[in-house]
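**Student:** To start, I am sharing the structure in question, which I have written as structure tokens.
The values are calculated or read from the model by the stated rules, or taken from the named source; none is laboratory data. As the structure is a prediction and not an experimental result, all values here were calculated from the model. Backbone-built Cβ (ideal geometry, glycine too); neighbour counts: all protein chains shown.
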Amino acid sequence: MTHNIIHTPHKTSLSETGSRSLTSELSVQRPEGASYGGSQSWFSSPSIRGYGCGLIAAHDLLWYLERKESLTEQSNHPRSEKRFTSDSCSWEDYERSVKKLHHLFPILPRLGINGLMLSTGLNLAFFLRRLPYRACWHIGYRNTGKEISHLLRQNIPVILSIGGNFPLIWKKDRLPLYKKTGDGVYIKSSSTRAHYVTVTGIEHGWLRISSWGQEWYINWREYRNFAWRKSCPLFSNICYITRKQ
């Protein structure tokens, strides 16, 4: 059991030390309680349930940015009639919202959504919702850690892809996911591959993420090694968001 436990490291492999988090946390009110972000596993549709992680990550990013813009609008124009966007919603409202967005993010059978499809769908959604942002799929890898930190500093969630195995596509290597105990110990609790998650914070070499409606942690050094040795930077990377001036 001890091999599944990692204590907080003294040095970080991220480009910046310290911690950084989003200012809000999104939650869906489910029968089992409040979630930490959304989950594809809640849906009855086989395509969303099996391959809809990119759709969920895109939806939650749009939800967060709409909330961010509505808060900015209310702060700058207190008498504005623009509708406030909450950081919590019912499961029924969440389900309707995801299904309404689905047409911008078509899910390929047994493949899901690739990075280019994800960024294209986001740009269409930004345009239709009049959100002043632009999305692109990050190709390089050298500065990914810095860019994750930079986006979080701007209070923008980061869609992170944990790619499939490449070029040995028949392999089944997976990236460990951890839970954090109250005394700061990270315990390996699951693993994944070919999956999108949403980064919500950085903690001294660890990424705090939302996936399957729960809070998890990824060790940055393990992710970097997985991207280079088990997958490739094209498939294991981030969707980079910039705000239009």
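**Student:** Scan region 157-177 for residues that are over 17 Å from Gly115 (Cβ atoms) and either touching a Cys at 6+ places or on another chain (Cβ under 7 Å) or among the charged types (D, E, K, R) (or both) and jot them down.
**Tutor:** Matches in region 157-177: Lys171, Lys172, Asp173, Arg174.
**Student:** Next question. For residues that are of a type in the set (D, E, K, R), out of contact with any Asp or Glu (no Cβ under 7 Å at 6 or more places or on another chain) and surrounded by 13 or more Cβ atoms within 10 Å (Cβ to Cβ), scanning just region 7-40, find the one that is modelled with the highest pLDDT.
**Tutor:** Residues of region 7-40 that are of a type in the set (D, E, K, R), as a first pass: 11, 16, 20, 25, 30, 32.
Keeping just the survivors that are out of contact with any Asp or Glu (no Cβ under 7 Å at 6 or more places or on another chain) gives 11, 16, 20, 30, 32.
Going one step further and asking which of them are surrounded by 13 or more Cβ atoms within 10 Å (Cβ to Cβ), we end up with 16, 20, 30.
Working: Glu16: 45, Arg20: 80, Arg30: 96.
If we take residues in region 7-40 being of a type in the set (D, E, K, R), out of contact with any Asp or Glu (no Cβ under 7 Å at 6 or more places or on another chain) and surrounded by 13 or more Cβ atoms within 10 Å (Cβ to Cβ), then Arg30 is modelled with the highest pLDDT.
**Student:** Going through Leu152, Leu124 one at a time, which residue ends up being within 16 Å of the chain's Cα centre (by Cα) and on the phi < 0 side of the Ramachandran plot?
**Tutor:** Values: Leu124 fails: within 16 Å of the chain's Cα centre (by Cα).
It is Leu152.
**Student:** All but one of (1) of a type in the set (Ser, Thr, Tyr); (2) within 16 Å of the chain's Cα centre (by Cα); (3) not in a helix (DSSP H, G or I) hold for Tyr64; state the number of the condition that does not hold.
**Tutor:** With respect to (1) of a type in the set (Ser, Thr, Tyr); (2) within 16 Å of the chain's Cα centre (by Cα); (3) not in a helix (DSSP H, G or I), Tyr64 is out only on (3).
**Student:** Return the only residue of Ser191, Ser231 being of a type in the set (Ser, Thr, Tyr) and assigned to a loop (DSSP other than H, G, I, E, B).
**Tutor:** Details: Ser191 fails: assigned to a loop (DSSP other than H, G, I, E, B).
Exactly one residue qualifies, and that residue is Ser231.
**Student:** Do we find a residue being modelled with pLDDT of 95 or more, over 21 Å from Ile159 (Cβ atoms) and either among the aromatic types (Phe, Trp, Tyr) or in a helix (DSSP H, G or I) (or both) anywhere in region 81-92?
**Tutor:** Yes, there is a match, as at least one residue in region 81-92 is modelled with pLDDT of 95 or more, over 21 Å from Ile159 (Cβ atoms) and either among the aromatic types (Phe, Trp, Tyr) or in a helix (DSSP H, G or I) (or both).
**Student:** Still on this structure, I have one more. Taking the stated definitions as given, is Ile169 touching a strand residue (DSSP E or B) at 6+ places or on another chain (Cβ under 6 Å) and either farther than 21 Å from Leu55 by Cα or assigned to a strand (DSSP E or B) (or both)?
**Tutor:** Details: touching a strand residue (DSSP E or B) at 6+ places or on another chain (Cβ under 6 Å): no; either farther than 21 Å from Leu55 by Cα or assigned to a strand (DSSP E or B) (or both): yes.
No; evaluated as a whole, the condition is false for this residue.
**Student:** Failed condition for Trp212, given (1) modelled with pLDDT of 95 or more; (2) at positive phi; (3) in contact with a Leu (Cβ under 9 Å, 6 or more places away or on another chain), with all others met?
**Tutor:** With (1) modelled with pLDDT of 95 or more; (2) at positive phi; (3) in contact with a Leu (Cβ under 9 Å, 6 or more places away or on another chain) applied to Trp212, the lone miss is (3).
**Student:** In this structure, is Leu111 out of contact with any Ser or Thr (no Cβ under 9 Å at 6 or more places or on another chain) and at pLDDT below 95?
**Tutor:** yes
**Student:** Please name all residue pairs, on different chains or six or more residues apart, with Cβ atoms under 7 Å, provided the first residue is in region 115-133 and is polar (S, T, N, Q) and the second residue is at pLDDT 95 or above and buried (at least 18 other Cβ atoms within 10 Å of the Cβ).
**Tutor:** Ser119/Ala135; Ser119/Cys239; Asn123/Ala135
**Student:** Let me ask something else about it. Being out of contact with any Leu (no Cβ under 8 Å at 6 or more places or on another chain) and part of a helix (DSSP H, G or I) is the filter here, so list the residues in region 147-162 that pass it.
**Tutor:** Result: Glu147, His150, Leu151, Arg153.
**Student:** Please determine, by comparing only the residues of region 105-136 that are in contact with a Cys (Cβ under 8 Å, 6 or more places away or on another chain) and part of a helix (DSSP H, G or I), which one is nearest to Thr72 (Cα to Cα).
**Tutor:** Restricting to residues being in contact with a Cys (Cβ under 8 Å, 6 or more places away or on another chain) and part of a helix (DSSP H, G or I), the top hit is Leu122.
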